Amino acid sequence: MLKLPLKIKAFNRRNGTPWSSCAPFVDNSQALLLHRPKSVTIFRSGNKSHLAVESYCGSTSCGTDKFTFLEEYQGNKMLCLRCEINATKIGLVSADELLGHHIHKGKLVAVQTCCYANTEELSMAADLQDRHSKGE
């Protein structure tokens, strides 16, 4: 199994159990992009353990079962461009080099959805957002 080293912060050591390595990509089922994990820590909250994942783009997510760590690109989501830029800046191998083939990279862009003159466009945007949240 392909694993890359992770950053371990003092905060993570004090408050949980940090992972020392993991697969090069993480898929959060509630996110639109794949990310490159920078640190992963297991925390306990009551009787339940959950993961905290920090990505090279700066995003952080916590959860119990929404993460899938991938060593191979699945093709259903784009890789976060900011993660790729920051990871390669510090000397990590690019995702393309790591897997030996091109991986599509992307980013999210904020789009204004209020104050439309055309209410049909607003209705379509709301419908798309609703379908995405239902996993369609």
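The values are calculated or read from the model by the stated rules, or taken from the named source; none is laboratory data. Being a predicted model, the structure only gives us computed values, none of them experimental. For neighbour counting, all protein chains shown are included, and Cβ atoms are generated from backbone atoms with ideal geometry for every residue, glycine included.
Summary of computed values
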| read-out | value |
| --- | --- |
| Residues (part of a loop (DSSP other than H, G, I, E, B), at negative phi and surrounded by fewer than 17 Cβ atoms within 10 Å (Cβ to Cβ)) located in segment 41-56 | N47 |
| Qualifying residue in segment 57-67 (condition: hydroxyl-bearing (S, T, Y), in contact with a His (Cβ under 8 Å, 6 or more places away or on another chain) and either in contact (Cβ under 8 Å) with a residue 12 or more places away in the chain or surrounded by fewer than 13 Cβ atoms within 10 Å (Cβ to Cβ) (or both)) | yes |
| Single residue of segment 41-86 satisfying the filter (within 18 Å of L2 (Cβ to Cβ) and polar (S, T, N, Q)) that is modelled with the highest pLDDT | S55 |
| Test for S29: is it touching a residue at least 12 places away in the same chain (Cβ under 8 Å) and either of a type in the set (S, T, Y) or touching a helix residue (DSSP H, G or I) at 6+ places or on another chain (Cβ under 7 Å) (or both) | yes |
| Residue check, V53 in contact with a His (Cβ under 8 Å, 6 or more places away or on another chain) and touching a residue at least 40 places away in the same chain (Cβ under 8 Å) | no |
| Counted residues, segment 68-117 - those being out of contact with any helix residue (DSSP H, G or I) (no Cβ under 9 Å at 6 or more places or on another chain), assigned to a loop (DSSP other than H, G, I, E, B) and basic (K, R) | 1 |
| Considering residues of segment 1-40 that are in a loop (DSSP other than H, G, I, E, B), more than 13 Å from the chain's Cα centre (by Cα) and surrounded by fewer than 17 Cβ atoms within 10 Å (Cβ to Cβ) only, the residue modelled with the highest pLDDT | S20 |
